[in-house]
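Working notes for the structure below.
The values are calculated or read from the model by the stated rules, or taken from the named source; none is laboratory data. What you see is a predicted model; the values in this text were computed from it and never measured. No Cβ is skipped: glycine too gets one built from the backbone with ideal geometry, and neighbour counts run over all protein chains shown.
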Amino acid sequence: MPRFLPFRALRYAPSTDLGKTCAPPYDVLNDTDRANLVAQHSHNIVNIDLPIATTAQPDAYLAAEQILNEWIHSGVLVRDESPSFTLYRMQFLDTIGNQRNIVGVLGGIEVVDEGAGDVLPHERTTPKAKTDRLDLTRATDANLSPVWGLSLAPGLSEILKAPAEIVGSYIDDQHVTHMVERVSDPTRIASITDCIAKHPVIIADGHHRYAISRTYRDETRLRTNSTSTDAEQTLTFVNELIDEQLSVAAIHRLYTDVPATTLLETLAASFTITDAPPIDAATLATMDKDGCLCFIDADLQTKWLTPRADAFEGVRSLDSARLEHALRDLAHTVSFQHGVTEVVDVLSQHQANAAILIRPVSVAEIKRTATEGILMPPKSTFFTPKLRTGFVIRELNTRD
């Protein structure tokens, strides 16, 4: 089972406004988002996690390394005195208005070989250049953005429930309260380590980050002739895989290179198609209640897609899998977008010919898929809220 270890965390100095220096994960930010974050605070973490080339330093990754070193030397960032875990709590209202309280722990999880069985993927990944994160890791010798892992360890939430030493908190623009607390007590550290180490961990978010950690680990082994460096683990947020500790949203499908009419004609072989009312706040609830998907064309005309039982024999009970099966013989390209409002915006701007809203995957199905070793189609799940980058940096210390 995977080792999960504390480390000497690199954190912003105690007086820092974390609401202005932490940031959403790099892969949800565009150039404007980055500029706004830097304007908000000159020490925002995107300076390192999403670096840019400058006249003074044309290599963006070397620029990130220089900034990280400067911030450490000037006291912007300080190291914990001893290895610690970090409790990370998120409080928010979910999409149907229920109060949610998620708690997990930030530490270093073992980087295992693909297929080893201790750290499990839950869905296939889309082709994506890994060189950016790998080059950044090489330059900074640090883990900046955490992987999100789901532990099968029963009772983990209870172990993490009690408060620890408060490090900081803030409320983001989505009204999510983020709170972090340092765990330095050896007895509690041992309790967390032992609990997580007894059961597999499923990767919820950050499959690519975990993959580049494996590459970096292998490079480090060759360079140092050692299997004992900090590259053997990678920064990971771990919480318990239970309904109360997860908020899972769907990632909807967008189609740009095939006409909406052709899509509907193809889908008619696998779905019963009926008229639907305009998209509103009740659309997702109706989909969940009636067991259907929702088709939207570029004019925002909508149809319900109700799966026909005879069309999906042997297909996993997932909307993403059903769509893959139904459209398998149609040449098309699919892209992905979370959020109904965002999907409607794309269609309104005529950036896609059609969209299909799908339903979230259940926690039970996530667990079953991973433990059986059968991967979901790409972009089947969207875990919310997104973890913030900047609360903790994990230095790797792999250089000679």
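The table for this structure:
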item: Residues satisfying the stated conditions in the range 238-254, i.e. over 30 Å from F295 (Cβ atoms), out of contact with any strand residue (DSSP E or B) (no Cβ under 7 Å at 6 or more places or on another chain) and not β-branched (V, I, T); result: E244
item: The range 253-302, residues that are under 17 Å from S348 (Cβ atoms), over 26 Å from the mean Cα position of the chain (by Cα) and surrounded by fewer than 17 Cβ atoms within 10 Å (Cβ to Cβ); result: P278, D280, D299, L300, Q301
item: Hey, P154 in the same structural domain as Q174 (by TED's automatic domain parsing), in a loop (DSSP other than H, G, I, E, B) and either within 17 Å of A211 (Cα to Cα) or modelled with pLDDT of 95 or more (or both) or not; result: no
item: Boolean, T140 is of a type in the set (S, T, Y) and touching a helix residue (DSSP H, G or I) at 6+ places or on another chain (Cβ under 7 Å); result: yes
item: Qualifying positions in the range 303-338 - part of a loop (DSSP other than H, G, I, E, B) and either among the basic types (K, R) or touching a His at 6+ places or on another chain (Cβ under 8 Å) (or both); result: R308, F312, V315, R316, R328
item: Residues of the range 234-283 satisfying the condition of being at pLDDT 95 or above, closer than 30 Å to F7 by Cα and out of contact with any Ser or Thr (no Cβ under 8 Å at 6 or more places or on another chain); result: T236, F237
item: Among (1) under 18 Å from the mean Cα position of the chain (by Cα); (2) assigned to a helix (DSSP H, G or I); (3) of a type in the set (A, V, I, L, M, F, W, C), the one test that I159 misses; result: (1)
item: Which listed residue is outside any loop (DSSP other than H, G, I, E, B) and modelled with pLDDT of 90 or more, from I48, I52; result: I48
item: Failed criterion for A53 (all others in (1) surrounded by 12 or more Cβ atoms within 10 Å (Cβ to Cβ); (2) under 25 Å from the mean Cα position of the chain (by Cα); (3) among the small types (G, A, S); (4) farther than 30 Å from T187 by Cα hold); result: (2)
item: Unique match (being in a strand (DSSP E or B), modelled with pLDDT of 80 or more and crowded, with 22+ Cβ neighbours inside 10 Å) among L136, L87; result: L87
item: Qualifying residues in the range 9-40 (those that are surrounded by 15 or more Cβ atoms within 10 Å (Cβ to Cβ) and under 17 Å from V78 (Cβ atoms)) - the one nearest to the chain's Cα centre (by Cα); result: C22
item: Selected residue (only one of D113, D27, D17, D31 is farther than 16 Å from T236 by Cβ, acidic (D, E), outside the structural domain of H338 (by TED's automatic domain parsing) and at pLDDT 95 or above); result: D17
item: Subset of the range 220-243 [among the β-branched types (V, I, T) and either in contact with a Lys or Arg (Cβ under 7 Å, 6 or more places away or on another chain) or closer than 23 Å to V105 by Cβ (or both)]; result: T227, T229, T234, T236, V238, I242
item: Residue count for the range 347-399, restricted to those that are among the small types (G, A, S), surrounded by 17 or more Cβ atoms within 10 Å (Cβ to Cβ) and modelled with pLDDT of 80 or more; result: 4
item: Residue identified as touching a residue at least 60 places away in the same chain (Cβ under 8 Å) and farther than 16 Å from L144 by Cα among E65, E81; result: E81
item: Long-range neighbours under 8 Å by Cβ, at least six apart or interchain, first residue among the basic types (K, R) within the range 132-157, second surrounded by fewer than 24 Cβ atoms within 10 Å (Cβ to Cβ); result: R133/H208; R133/I212; R138/Y61; R138/Y216; R138/E219
item: Residue count for the range 96-117, restricted to those that are in contact with a strand residue (DSSP E or B) (Cβ under 7 Å, 6 or more places away or on another chain) and outside any strand (DSSP E or B); result: 2
item: Within the range 162-188, considering residues that are outside any strand (DSSP E or B) and among the aliphatic types (A, V, I, L, M), the one nearest to F383 (Cα to Cα); result: V176
item: Some residue of the range 159-174 being polar (S, T, N, Q) and within 23 Å of T234 (Cα to Cα); result: no
item: Which listed residue, of A269, A204, is assigned to a loop (DSSP other than H, G, I, E, B) and aliphatic (A, V, I, L, M); result: A269
